[in-house]
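Read-outs throughout are calculated quantities, based only on the coordinates presented, and are distinct from any laboratory measurement. A quick note: this is a predicted structure, and the numbers were derived from the prediction, not measured. Note: ideal-geometry Cβ built from the backbone for every residue, glycine included; neighbour counts use all protein chains shown.
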Amino acid sequence: MKTNPRSFTAAATAMVAILGLAACSAPEPESPPEPETSTAQQARPETETGSESETVESALPAFDAPTLDGQDLASTTLAGEPVVLWFWAPWCSVCRGEAGGVAEAAERYEGQVDFVGVAGLGEVEDMRAFTSDTDTDHMTHIIDEDGGIWSDFGVVGQPAFAFVNADGTFETVAGTLTDADLDAHVRDGLLAE
C-alpha cells in the first residue's frame, strides 16, 4: 500500500497541533497534586528544636518591559510592595479559563497587592485581544518578548504565578490555581507579613 506524502504530512501536522493544544487545556484531575513550586532557596541553620527550615533568599529579578498599553514597567517600580505576577499566553485555553478568577482577585486585593500579567509566547495583537476578551484589560500586562522574565522567575510553561513579597523574595507556582488557592497564597503568604 502506497502512502500519499501530502496526506501523511497533513496528518502529522494536525496531530502535533492537537497535542500542543491538549497540553495547555488538559482537564484537571479530580484530586490535583500540590502545585510544583520553584524558588531560589537557601537552607537556614538548624533551630533550637533541631528542625531545619528553608527560606527564600532571592531578590526580585531586574527587568524593564513594555506593557500592552504602550508604557514601560521596570521591576524597580514594583519594589517594596507585594505583587502577584501571572504568567500566561494568548492562545492558552487554561489561561483563558482562569483569567476571570485572576481579575476578581486583582479587584479584591486592590490597594494591598498589585497583580501584573506577564504575557509571552504570542503576538502582541493576540495578547491585547486576550485581555479584552477575558476582561483583564484593567490590569497591567507586560510583554515578555524574549522569555527572559519567565526564565528569571523559573517559569517553563503557562499558566504560572510568582508571589513576590515586599522585600523582593518570591515563590513561583507552576500550573493553574483555584480561586481559593490563589486567595490562600495572597492572604496567608503575601499579606501575612
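When ranked by the protection proxy of mean other Cβ atoms within 10 Å per residue, highest first, what sequence do the peptides 59-71, 107-119 form? Don't skip to the answer; put the middle values down first.
Details: 59-71: 14.7, 107-119: 18.2.
With the highest mean Cβ count within 10 Å placed first, the list reads 107-119, 59-71.
If you bin the C-alpha pair distances of the stretch 58-190 every 5 Å from 0, what whole percents do you get?
Reading upward from the zero bin: 2, 11, 24, 26, 23, 12, 2, 0.
Given points 7 Å out from each Cα along the Cα-Cβ axis, report the ALA192 to ALA166 separation in nanometres with one decimal.
1.7 nm
Just to verify a number: FRET efficiency for ASP146 and SER93, C-beta to C-beta distance, R0 = 25 Å, to 0.05? Please list the in-between numbers first.
Working: r = 24 Å, r/R0 = 0.97.
Efficiency for this residue pair is about 0.55.
Relative to the present Cα-Cα distance, how much length would full extension add between ALA74 and HIS138 at 0.36 nm per residue of separation?
Length gained between ALA74 and HIS138: 21.2 nm.
Between VAL156 and THR178, what's the calculated FRET efficiency when r is the beta-carbon distance and R0 is 30 Å? Round to 0.05. Could you put the intermediate results ahead of the total?
Numbers: r = 21 Å, r/R0 = 0.71.
My answer for the efficiency is 0.90.
Using r as the Cβ-Cβ distance of THR67 and ASP126, and R0 as 22 Å, what FRET efficiency do you calculate, to the nearest 0.05? Kindly include the intermediate steps, with their values, before the conclusion.
Details: r = 16 Å, r/R0 = 0.71.
About 0.90, to the nearest 0.05.
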